[in-house]
Amino acid sequence: MEAETETSEDAILGGRLRLRQPLRGHRFGHDAILLAAATKACGGEHAVDLGSGVGAAGLALAARVPELTITLVEVDRTLSELALDNARLNHLDDRVRALALDIEDLAALKAAGFLPGSVDRVLMNPPFHDARRQNVSPDPRRRLAHVGAPGLLQRWIATAAWLLKPRGVLTLIWRADGLDDVVAELRPEFGDIAVQPVLPRADASAIRVLVRAVKAGRSTRTDYPPLSLNDGQGQPTAAAEAVLREGKTLTIAEI
């Protein structure tokens, strides 16, 4: 790991996990925990967390599902090394590995031992800010984690389709205003699409959308009731607390 990288050790899920992360640059937040909560998995399966950062989503899923094998894939080597440290810190390294790989490089994935159509679950939180429309961070590591080049969503979904078995499940989180783009990119390879919006509070517009899709699934779509993070007084809702602190799953995590 880079010697100059300063880190903090922070608790998530009400202290169920402790994660080291850089003091500066990209730091995990609610999105990672929501992504894990939207992903159903079973013991004996293999799940891959694409763009895993320091491993928050994948490790939260591993902590919830005993005997689930997880591979954390992250292009930033420093974050990938922290993810492996975090697996050890939480005594999950017997079934969690971390790889520093370019998600879009299928040759590198093959060299790392992946086979097409071999994975049960993929979860991902791709960089979804558009530098052409939004202000972006001057910090290069934060920018890498948050800002996607044109066509990135299509390429990440293609990698997920390559990894997944037929009827394998992809779960992702994206900007709410980009839902139509997500559905359009999923349609060639995926079906049985499910959507759950995430609202900052009940009277506000959605800021995120969780999407679940099945490889080679049917041409159907199910819309779940939104999750409100806060009530009218700005306090966390009971539903949000159940997910973010107690580690409960969301209703979208049904398959």
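Each value in this text was obtained by applying a stated rule to the coordinates, not by laboratory testing. Just so we're clear, the structure is a prediction, and the values are computed from it rather than from any experiment. No Cβ is skipped: glycine too gets one built from the backbone with ideal geometry, and neighbour counts run over all protein chains shown.
In the range 48-90, the alpha-carbon atoms span a convex hull of 53 Å³ per residue.
Using the Cα centre of the range 1-132 as origin and beta-carbon charges of +1 (Lys, Arg) and -1 (Asp, Glu), tell me which of Cys42, Val119, Phe28 is placed farthest towards the positive end of the dipole. Toward the positive end, the furthest listed residue is Cys42.
Tally Lys/Arg at +1 and Asp/Glu at -1 over every other residue whose Cβ is under 15 Å from the Cβ of Gly217; what's the total? Value of the local net charge: +4. Pairs of C-alpha atoms in the range 1-40 farther apart than 17 Å represent 39 percent of all such pairs.
Distance from the alpha carbon centroid of the range 20-88 to that of the range 197-232 works out to 21 angstrom. Each label was represented as a point 7 Å from its Cα along the Cα-to-Cβ direction; for Asn230 and Arg187 these points are 3.7 nm apart.
Which residue fluctuates the most in the chain, going by a Gaussian network model with Cα springs under 10 Å, if the choices are Leu179, Leu23, Leu163? Per the Cα network of the chain with a 10 Å cutoff, Leu23 tops the list. Counting other Cβ atoms within 10 Å as a rough exposure proxy, the listed residues Glu246, Glu189 run Glu246, Glu189 from fewest neighbours to most. Helical content of the chain, expressed as a calculated mean residue ellipticity at 222 nm, amounts to -7500 deg cm²/dmol (DSSP H runs of 4 or more residues, -39,500 (n - 2.57) each, divided by residue number, nearest 500). With all projection directions averaged, the alpha carbon convex hull of the range 7-244 covers 12.5 nm².
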